[in-house]
Amino acid sequence: MQAFFAAAERICSEISFGSIEELALELDRLRARRGRLFLLGVGGSAANCSHAVNDFRKLCGIETYSPVDNVSELTARTNDEGWDTVFSAWLEISQLSDKDAILVYSVGGGDAERNISPNIVNAVDLAKARGARVFGIVGRDSGHTAKHGDVVVVIPQVEAGWVTPLSEAFQAVVWHCLVSHPSLQRRQTKW
């Protein structure tokens, strides 16, 4: 238990505050141009997306959505069209444009060559093709999101055995930092 918290402490001291600040600035610009924010993730990162949609909408006044919040459409698209395009097809129907941005929550960020999270890879590629901004909070600097994103916060890997739990935990730390940022937060929390 102490080792896990020591690893978290190391991440807190090693994370790029500059990247987080840059992401806050980009999200403020997104709101100013009336763009939409689309959150994408799978597994535990998908659960983080659902929670973060609420915070960006309620606290920051940013129009925010996630395809993972509609399990009927998500599973129908997976069944009928395949897992690889489940996010990109959803973004196409949402008419993703150059005013918008995607924010990827992922441990690895996708890897086309290894066929890992191809749905994230395809969504990043679609966003780039449409001129939308690509943001991320990921646990690997070697994945597709980190390599092709405009602003990506990479969670420092301080313990190889805890890449997933620490990456997913710090997605929440970073997004809560963002929705509490003075340039983004418009409404105060109740507590």
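Remarks
- Ignoring lysines fewer than eight residues from LYS99 along the same chain, the ones with Cα atoms less than 20 angstrom from its Cα are LYS128.
- Dimensions (Å) - the chain, Cα atoms, principal axes, largest first: 46, 39, 28
- Ordering PHE87, PHE4 by accessible surface, largest first, gives PHE4, PHE87; the 1.4 Å probe counts only protein heavy atoms, with every chain in place.
- Accessible carbon and sulfur surface of region 63-120 relative to its total accessible area, %, 1.4 Å: 46 percent
- The alpha-carbon of LYS190 sits under 18 angstrom from the alpha-carbons of these lysines, leaving out residues fewer than 8 places away in its chain: LYS58.
- Only Lys, Arg (+1) and Asp, Glu (-1) charged, at Cβ; the chain dipole about Cα centre in debye: 720 debye
- Using a probe of 1.4 angstrom and keeping all protein chains present, the accessible surface of region 108-165 works out to 44 square angstrom per residue.
- Here the spin labels are modelled as points 7 Å beyond Cα on the Cα-Cβ line, and at SER16 and ASP98 they lie 2.5 nm apart.
- As a size descriptor, the averaged projected area of the C-alpha convex hull of region 31-85 was calculated at 4.2 nm².
- Convex hull volume per residue for region 52-129, taking Cα atoms only, in Å³: 99 Å³
- Accessible surface of region 137-191, 1.4 Å probe, proportion on carbon and sulfur as whole %: 52 percent
- Label positions at GLU26 and LYS147, each projected 7 Å from the Cα along the C-beta direction, are separated by 1.8 nm.
- From its DSSP helices (H runs of at least four residues, each -39,500 (n - 2.57)), the chain gives a residue-normalised ellipticity at 222 nm of -16500 deg cm²/dmol.
- Expressed per residue, the C-alpha convex hull volume of region 1-107 stands at 130 Å³.
- From largest to smallest, the equivalent ellipsoid semi-axes obtained for region 93-191 from the alpha-carbon gyration tensor read 23, 21, 10 Å.
- Between LEU39 and TYR65, SER66, LEU103, the built amide H atoms are under 5 Å apart, and every one of these is 5 or more places off in sequence or on another chain.
The values are calculated or read from the model by the stated rules, or taken from the named source; none is laboratory data. Keep in mind the model is a prediction, meaning the values are calculated, not measured. Cβ coordinates were reconstructed from backbone atoms using ideal geometry, including for glycine residues, and neighbour counts include every protein chain displayed. Areas reflect the complete protein model, heavy atoms only, side chains present, ligands, DNA and RNA absent. Shrake-Rupley method; radii C 1.70, N 1.55, O 1.52, S 1.80 Å.
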